[in-house]
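Right, one structure below, let's go through it.
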Amino acid sequence: MKKSKNVLGIDLGASSGRGIIGSFDGERLSLREIHRFVNTPVTENGMLCWDIETLRRNVADAAVKGRAAGATALGIDTWGVDYGLLDADGVLLASPVHYRDKRTVNITDYFSEKMDVGHLYGITGIQTMNFNTVFQLAADRRDRPGLLDKADTLLFMPDLFGYYLTGETACEYTIASTGALLDASDRDLSDEVLKAAGVSRGLFAPLVTPGHRLGELLPEYGGGMSVYNVASHDTASAVLSVPSLAGPGGFVYISSGTWSLMGTELTAPRIDGESLKLNWTNEGGAGGTVRFLKNIMGLWLLQESKRQWEREGKQLSFDGLSAAAEASVPFGSIIDPDSPEFGVPGDIPGRIAAFCVRTGQKPPETPGETVRIIFDSLALCYRRTLESLVKQTGICPSAVNIVGGGSKDRMLNRLTADVIGLPVVAGPSEATAAGNILMQLIAEGDLSGIDEARELVLRSFDTQTYIPDGRRSLYDDAYGRFLTLLGK
């Protein structure tokens, strides 16, 4: 049997980071976690920030452990939009600000004085969300101009950690594309957008595509490992590992975690009045693809609710909450998961109850009822998103693929299949780490490209299929109420 090749994927998620070894024997890929650490934001100078020194140390520890485990290469992925600023000596000027910080709450009003947000969308194809990088930069220019004036280089978070490991700088395309700074057609930085944000092209490291070899692990961490810019936006990596051979425009995915990212893969951006009105986004993908998708609030609602209950002294497991939700009345009350009050940390259960009262519905009385509302509402939101996707692209999916940590939630998977009326194929759950590792194998010549990578996923990871139960009248009635709630 061929000796396995080992590479290391370092994945930083909303609450934790992991170092995961991918072992490829020529036929199958297996994953093994070797390092886990918390990723909890901190407050500095009144702003919510990345705990950068703790994370830097843990990323380095993961690299050292990966090398000891026989990994010959590594790649890093994180969520999008956030960045660090280095001075001319390569020193970080301040802790990177977390996208959930409140500094950008009303930033679009300020930015609109520089550029109309509709025009911004026409250039970038990125949905308007107040935490987009372009708006964070505008907030820095407004509130911390001295910081930007001192900055020599901006690095998105995966690129910043890559710099710490190698001493080399680059601006990876998929992560840069999420920030509404690139011309979606040219796939390069837009000078017009940069000017509106108050920065220049010279602030950015050279733009590179997934699979670029950034450099070698520094000797202080043991050396001897290639460090690659993978598809370093976590959803870009997750989509790379969707177990479908249908190709661009042939499948629908939900990358399910803190956020639910629902969409398809295209060969070119789709930017028109309809996509602008519905706030769809065109983000860069592996192999020159475009991820045409919609951001949905996702399991953040459940995660932050659980944190609130813990603050109240209630120790509740996710499995227990799902069981309690399943025992609750279906579609008794529903919410708009994307309503702005649900996007900031705090008392999500209280806000859900208040939303129900405000809309003339019965508020939940137990954690199980709250979780039932969350799951029902997410499934209804997925149906609306799917209908919008079909209308815009003409895609005719035979199923919906759910990948990521949320693919393990059997109740939500089953509800999604029932509500949308299509089979749901759930898995792999470690989609982001798998995609990170697959891109390294492509870069090193072990895989020929995306098609072979997805064939490997199909061979390597188990999936579970959920078939709709056929109770269309129940789901159609609930969906009608949902559309009425949204004013559609």
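Does PRO345 count as open to solvent by less than 50 Å² (accessible area, probe 1.4 Å), touching a residue at least 60 places away in the same chain (Cβ under 8 Å), at negative phi and in a loop (DSSP other than H, G, I, E, B)? When the stated conditions are applied, PRO345 does not pass them. Restricting THR169, THR133, THR153 to those that are on the phi < 0 side of the Ramachandran plot, polar (S, T, N, Q), open to solvent by 30 Å² or more (accessible area, probe 1.4 Å) and out of contact with any Pro (no Cβ under 7 Å at 6 or more places or on another chain) reduces the list to THR169. Screening segment 207-221 for residues that are out of contact with any Phe, Trp or Tyr (no Cβ under 9 Å at 6 or more places or on another chain), open to solvent by 20 Å² or more (accessible area, probe 1.4 Å) and in contact (Cβ under 8 Å) with a residue 12 or more places away in the chain and picking the one that is nearest to THR169 (Cα to Cα) gives GLU216.
Entry remark, segment 40-78: residues being surrounded by 15 or more Cβ atoms within 10 Å (Cβ to Cβ) and assigned to a helix (DSSP H, G or I) number 14 in total.
Looking at segment 180-200, can you tell me whether even one residue there is over 30 Å from GLY118 (Cβ atoms) and either open to solvent by 10 Å² or more (accessible area, probe 1.4 Å) or touching a strand residue (DSSP E or B) at 6+ places or on another chain (Cβ under 6 Å) (or both)? No, every residue in segment 180-200 fails to be over 30 Å from GLY118 (Cβ atoms) and either open to solvent by 10 Å² or more (accessible area, probe 1.4 Å) or touching a strand residue (DSSP E or B) at 6+ places or on another chain (Cβ under 6 Å) (or both). Scanning segment 318-341 for residues being surrounded by fewer than 21 Cβ atoms within 10 Å (Cβ to Cβ) and part of a helix (DSSP H, G or I) gives a total of 9. Within segment 355-375, the only residue that satisfies the criterion of being polar (S, T, N, Q) and within 13 Å of SER339 (Cβ to Cβ) is THR359. Of note, MET115 does not satisfy the criterion of being surrounded by 15 or more Cβ atoms within 10 Å (Cβ to Cβ) and closer than 20 Å to PRO345 by Cα. Of the helices (runs of 4 or more DSSP H) lying entirely inside segment 79-143, not one is found with 3 or more residues being hydroxyl-bearing (Ser, Thr, Tyr). Listed by first and then second residue, the pairs with beta-carbon distance under 7 Å, at least 6 apart or on different chains, first residue in segment 1-27 and open to solvent by less than 30 Å² (accessible area, probe 1.4 Å), second at pLDDT below 95 and polar (S, T, N, Q), are SER23/SER4; PHE24/SER4. When the helices (runs of 4 or more DSSP H) confined to segment 393-488 are screened for residues that are in contact with a strand residue (DSSP E or B) (Cβ under 7 Å, 6 or more places away or on another chain) and open to solvent by less than 50 Å² (accessible area, probe 1.4 Å), those reaching at least 1 such residues are found at 410-420, 431-443, 450-460. Residues in segment 88-122 that are small (Gly, Ala, Ser) and in contact (Cβ under 8 Å) with a residue 60 or more places away in the chain: 4 in all.
Scan GLY224, GLY250 and give me the residue that is on the phi > 0 side of the Ramachandran plot and open to solvent by 20 Å² or more (accessible area, probe 1.4 Å).
Values: GLY250 fails: on the phi > 0 side of the Ramachandran plot.
On inspection, the qualifying residue turns out to be GLY224.
Do you know which residues across segment 21-39 are under 20 Å from ASP82 (Cα atoms) and assigned to a loop (DSSP other than H, G, I, E, B)? Spell out the reasoning first.
So in segment 21-39, the residues under 20 Å from ASP82 (Cα atoms) come out as 37-39.
Listed by number, the list holds a single entry, ASN39.
Within the set GLN308, GLN315, the sole residue that is more than 30 Å from ARG187 (Cα to Cα), surrounded by fewer than 18 Cβ atoms within 10 Å (Cβ to Cβ) and among the polar types (S, T, N, Q) turns out to be GLN315.
The values are calculated or read from the model by the stated rules, or taken from the named source; none is laboratory data. The structure presented is a predicted model; accordingly, all values stated were derived computationally and were not measured. Neighbour counts are summed over all protein chains in view; Cβ atoms, including those assigned to glycine, are modelled from backbone coordinates with ideal geometry. Ligands, DNA and RNA are stripped out before the accessible areas are found, and what is left, the full protein with its side chains, is counted by its heavy atoms. Shrake-Rupley method; radii C 1.70, N 1.55, O 1.52, S 1.80 Å.
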